[in-house]
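Structure first, then comments.
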Amino acid sequence: MRELRSAAKRLAVLGLMLCAALCPARAQEAPKPRVLKLLLLQDAPPLSHRDATGRFVGFNVDLGRLLCDTMRMPCEFQETVHTRVLDLVASGAVDIGMVSLIVTPERARQVLFTNPYRLSKTFWISRIPMTQSRDAKVAVVSGSAQHRWASRKRTEHGWELVPVAVNTDLAHALRDGRADALISPSSTALEIMREKDLSAAGLSARAIESDEFNNPIAIAVNPADAELRERLNAALQWVKTSGELDKINSKYYPFRVF
């Protein structure tokens, strides 16, 4: 009996030794990869919008997925309107603002920016030239660079500004007569001029010549995460040199945007 008890003790000790050897190994298993929160603009084709199935599609969606894959970091998409982008990124509520922001000194004080990945252009879309637009009602997206520029020019031209929440509302403002003209970034201008009812209405699109609208566009990054910005810069460099950015460009635009 004494021998049985001694053998049982030896087995118990052996079990404890095995657990001590194996349990730490389990604890040291690779942690789950960090999931990046990537912010998109809602209703802003061809940059980002939902298709008929509710899936995110667009230039920035494809580029965001490719960058996350290149960095080997999973990402989840969130959407918002233009006026909330900087607050969400600056507060760290999201990691990345994939919304085609023009880099300005004011914005650079709030968030980090990657290296530029495209250039901006802004268009005046109307039946009347901008030089003959006295007292026109002009639609702009609230909080955008186009809104700020038009706010400074409104007195000079006598414009009545019509702020809208999202890019797709610009075309609605023309259709329902709330606006005589709109000032739009190139992405939205392209979509508007493709719409048959609007293109048949005698609208024309003319680029606005202003240094303010020839600025580089970059990705906004949580200001507390400089390491993420560097990883994004490296991924962007690969996307450019590999030709993958050119493929995305050709999918959504008939012209080069970078």
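When restricted to residues that are at pLDDT below 95 and either out of contact with any Leu (no Cβ under 9 Å at 6 or more places or on another chain) or surrounded by 18 or more Cβ atoms within 10 Å (Cβ to Cβ) (or both), region 210-239 contains 5. When you look at Trp159, is it modelled with pLDDT of 95 or more and farther than 20 Å from Leu40 by Cβ, yes or no? Yes; evaluated as a whole, the condition is true for this residue.
The set of residues in region 171-185 being open to solvent by 10 Å² or more (accessible area, probe 1.4 Å) and over 11 Å from Ser126 (Cα atoms) consists of His172, Arg175, Asp176, Gly177, Arg178, Pro185.
Six or more apart or on different chains, Cβ atoms under 6 Å: show the pairs whose first residue is in region 160-175 and under 19 Å from Met130 (Cβ atoms) and whose second is modelled with pLDDT of 90 or more and in a loop (DSSP other than H, G, I, E, B). Every condition considered, the pairs that remain are Val162/Arg178; Val162/Ala179; Pro163/Ser142; Ala173/Ala179. Taking each residue of region 192-220 that is touching a residue at least 60 places away in the same chain (Cβ under 8 Å) and looking for partners that are among the aromatic types (Phe, Trp, Tyr) and open to solvent by 30 Å² or more (accessible area, probe 1.4 Å) with beta-carbon atoms closer than 6 Å, six or more apart or interchain, yields Ala205/Phe123; Ala207/Phe123.
Return a yes/no flag: does region 154-162 have any residue that is under 29 Å from Val94 (Cβ atoms) and assigned to a helix (DSSP H, G or I). No; the residues of region 154-162 include none that is under 29 Å from Val94 (Cβ atoms) and assigned to a helix (DSSP H, G or I). Inside region 192-205, residues that are under 27 Å from the mean Cα position of the chain (by Cα), in a helix (DSSP H, G or I) and surrounded by fewer than 20 Cβ atoms within 10 Å (Cβ to Cβ) make up a count of 3. Total residues in region 105-130 satisfying the condition of being open to solvent by less than 70 Å² (accessible area, probe 1.4 Å), of a type in the set (D, E, K, R) and within 21 Å of Trp159 (Cα to Cα): the figure is 0.
The values are calculated or read from the model by the stated rules, or taken from the named source; none is laboratory data. In this text the structure is predicted, and so the values were computed from the model without any measurement. So basically every Cβ, Gly included, is an ideal-geometry build from the backbone, and we count neighbours across all protein chains shown. Surface areas here come from the heavy atoms of the whole protein model, side chains and all, with no ligands, DNA or RNA. Shrake-Rupley method; radii C 1.70, N 1.55, O 1.52, S 1.80 Å.
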